[in-house]
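Below is one structure; the comments refer to it alone.
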Amino acid sequence: MLTKEEAEKLIKIKGEVRGLGLRVDWDFVLREKGKEGLKKVEDKLAESGFPLKYKEIKPMDFYPVGFDVISLLAIKEIFNFNEKDMERMGRLVIKFSLFIKIFMKYFASLELVTKQVPRMWREHYTVGDLETPEFSKEKKYMVLRMKNFRIHPIYCNIHKGYFSKVAEMIVKAPVTCQETKCMFKGNLYHEFLITW
Amino acid sequence: MVKDEKDKKISLLSEDLTALESYISDIFTFSPLPLCFVSPLGVILESNPAFEKISGFSFDEIVGKPVEELFDKKEVEELVRDTLEKGIVEGKEMKFLPKTGIEMPAQVFTKARKDEEWNITGYFLGLFDLTEIKKTEKELRKRIEELEKFHKLTVGRELKMIELKKKIKELEAKNN
């Protein structure tokens, strides 16, 4: 359960996230759970000592990444979401993402997108680095490596969903995404294997 | 001081961008015309609620779907070729294939998007459902055929009457 004490620890995590990152999650809640659901999230945040209203989120501003974690933990707790639900949320937030629209012009080929991956990441977070060390159109796979992002395990499933949906938008086929390395399981970085 | 000014400008630009994004999103969501955005690879990258409704696919199902799966193969090949060559297609009649599997006649419009170097980065695709129009067209055609039959019958009868009257007159003339 998300407590005030835990929230106070989380808010101290170094790094920032764009308001848009927060807002897409709340857009998802609004779409799936309606205004009542959204109010529950706002109330939970106020209860944890970090009040914020949906309408106050400025998409282009930067917020502490810990605040994003608090928001995600609140959503998970209120709606009793499991790992699959969080992954689904990661897939669906694409719909609300302005950055995806901005980067759509690179969705003409896998090569173009892979070149833009580090920039796409930096538009969202001031911490962590995302790269594609390996990919093959012929062998139908891509590896995404996320370094310096030891923030919270709640991101693992969200990112899994997000990356798999973005990959589907490029490779023109249903994809499978697995987290093959995780910083919370003793690895030096997170790694996702996407196959199609 | 200079930094403050720069921050203010960035903040202003960021607010403008947010307002613009909200405006575009509202139009896209509001549009009763089914719209989607397709990548040069032929993958649907975005769709509005009207498109989700007409296709019967959810956002998660439709985004990432090859556009060829929603139309007749030959027709869509022509559409993509024309869009990429001419940049625009206005009102091409096509067979749309929604999730129900029941073919739907549709009029399709496309408009290519280009980047700063004039490379095509994808295209918008809009649909107009022709089901009702085609139904009305069919009914009208049926009515016209019926009217033509009726016309043939009544005019034929009229011509026979004229002929008979003519014959009567000839007979009367002979008798007199």
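The values are calculated or read from the model by the stated rules, or taken from the named source; none is laboratory data. Note that this is a predicted model, so its numbers are computed, not measured. Ideal geometry is used to build each Cβ from the backbone, glycine not excepted, and the neighbour counts take in all protein chains shown.
On the basis of being surrounded by fewer than 16 Cβ atoms within 10 Å (Cβ to Cβ), under 25 Å from A:MET60 (Cβ atoms) and in contact with a Pro (Cβ under 7 Å, 6 or more places away or on another chain), does B:THR29 make the cut? Break it down into steps so the answer makes sense when it comes.
Numbers: surrounded by fewer than 16 Cβ atoms within 10 Å (Cβ to Cβ): yes; under 25 Å from A:MET60 (Cβ atoms): yes; in contact with a Pro (Cβ under 7 Å, 6 or more places away or on another chain): yes.
The answer is yes for B:THR29.
When you look at B:GLU46, is it touching a Ser or Thr at 6+ places or on another chain (Cβ under 7 Å) and in the same structural domain as B:ALA106 (by TED's automatic domain parsing), yes or no?
Criteria not met by B:GLU46.
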Exercise for the section: May I ask you to list the residues in the range A:48-73 that are charged (D, E, K, R), over 19 Å from A:GLU87 (Cα atoms) and either at pLDDT 95 or above or part of a loop (DSSP other than H, G, I, E, B) (or both)? Expected result: A:LYS53, A:LYS58, A:ASP61
Practice task
Output the residues belonging to the range B:39-58 that are surrounded by 13 or more Cβ atoms within 10 Å (Cβ to Cβ) and over 16 Å from the mean Cα position of the chain (by Cα).
Solution key: B:SER39, B:PRO40, B:LEU41, B:GLY42, B:VAL43, B:ILE44, B:LEU45, B:GLU46, B:PRO49, B:GLY56, B:PHE57
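Which members of the range B:83-110 meet the condition of being under 13 Å from B:PRO40 (Cα atoms) and free of Cβ contacts under 8 Å to residues at least 12 places away in the same chain?
B:GLU85
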Handout entry: Cross-chain or 6+ apart pairs with Cβ under 8 Å, the range A:1-17 first and at pLDDT 95 or above, then among the charged types (D, E, K, R) and in a helix (DSSP H, G or I)
Key = A:VAL17/A:ASP68
Problem - Near pairs, Cβ below 7 angstrom, 6+ apart or cross-chain, from the range B:29-41 (within 14 Å of chain A (Cβ to nearest Cβ) and farther than 18 Å from B:VAL80 by Cα) to any residue that is crowded, with 19+ Cβ neighbours inside 10 Å and not charged (D, E, K, R) - result: B:THR29/B:ASN48
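If only one of B:ILE54, B:ILE62 is in contact (Cβ under 8 Å) with a residue 24 or more places away in the chain and away from every other protein chain (no Cβ under 14 Å), which one is it?
On the way: B:ILE62 fails: away from every other protein chain (no Cβ under 14 Å).
None of the others qualify; the one that does is B:ILE54.
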Exercise for the section: Could you tell me whether the range A:168-178 includes any residue that is surrounded by fewer than 22 Cβ atoms within 10 Å (Cβ to Cβ), more than 14 Å from chain B (Cβ to nearest Cβ) and farther than 17 Å from A:LEU112 by Cα? Expected result: yes
